[in-house]
1. Can you say whether Phe65 is aromatic (Phe, Trp, Tyr) and either open to solvent by 40 Å² or more (accessible area, probe 1.4 Å) or in contact with a Phe, Trp or Tyr (Cβ under 9 Å, 6 or more places away or on another chain) (or both), as far as the supplied structure shows?
2. Could you please find all residues in segment 40-56 being farther than 21 Å from Asp121 by Cα and among the polar types (S, T, N, Q)?
3. Can you tell me which residue among Arg64, Arg19, Arg23 is at pLDDT below 85, outside any strand (DSSP E or B) and over 13 Å from the mean Cα position of the chain (by Cα)?
4. Considering only residues that are free of Cβ contacts under 8 Å to residues at least 12 places away in the same chain and open to solvent by less than 70 Å² (accessible area, probe 1.4 Å), which ones fall in segment 38-62?
Amino acid sequence: GLGIDSLSGEGLLLDGPERARARLGEDLEIVGGGEPADRRERHQNLVLCLLENPGQKLFYYADRFRVSAATISHDLDEIEPWLADYRLALVRRAGVGPVIDGEGDDLRSFLHSVLQTMRRDGRAPTPYPHPELVGEPDAMEV
């Protein structure tokens, strides 16, 4: 029941009922909980974290994943081609943390792919979306 809108000059906005946004936040905490088992898993969690907390400095992500800022920087270098496959860009500006930029449809396609991979690996909440959110009057198809 959530949608992704773009705000000119601001970035992306997660739009939808407060209940659905809160539930997604809880799910991201579950998915992001614990330390990633390997680099691939850290990359998946990092992109979700970038979407959840855009513009944070590298040390924020380094602390969250218990690695160095240099490791996060290297991870971002490795993630960029993956994002480019979905016509998304990783924007890095001095003084501002990294932000994923792109069209809403491309971002939805990318998120779908990440969540499907995580679900297949047994790390994403299932079923998704949550059955209690389906059929809400103000819910939108994603």
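1. Considered against the rule, which asks whether it is aromatic (Phe, Trp, Tyr) and either open to solvent by 40 Å² or more (accessible area, probe 1.4 Å) or in contact with a Phe, Trp or Tyr (Cβ under 9 Å, 6 or more places away or on another chain) (or both), Phe65 comes out as no.
2. Selection gives Asn53, Gln56.
3. On the way: Arg64 fails: at pLDDT below 85; Arg19 fails: at pLDDT below 85.
When all the criteria are applied, what remains is Arg23.
4. Correct list: Asn53, Ala62.
The values are calculated or read from the model by the stated rules, or taken from the named source; none is laboratory data. The model shown is predicted, which means the values in this text are computed figures rather than measured ones. Cβ sites come from the backbone with ideal geometry, for glycine too, and all protein chains shown count toward neighbours. With ligands, DNA and RNA removed, areas are computed over all heavy atoms of the protein, side chains included. Shrake-Rupley method; radii C 1.70, N 1.55, O 1.52, S 1.80 Å.
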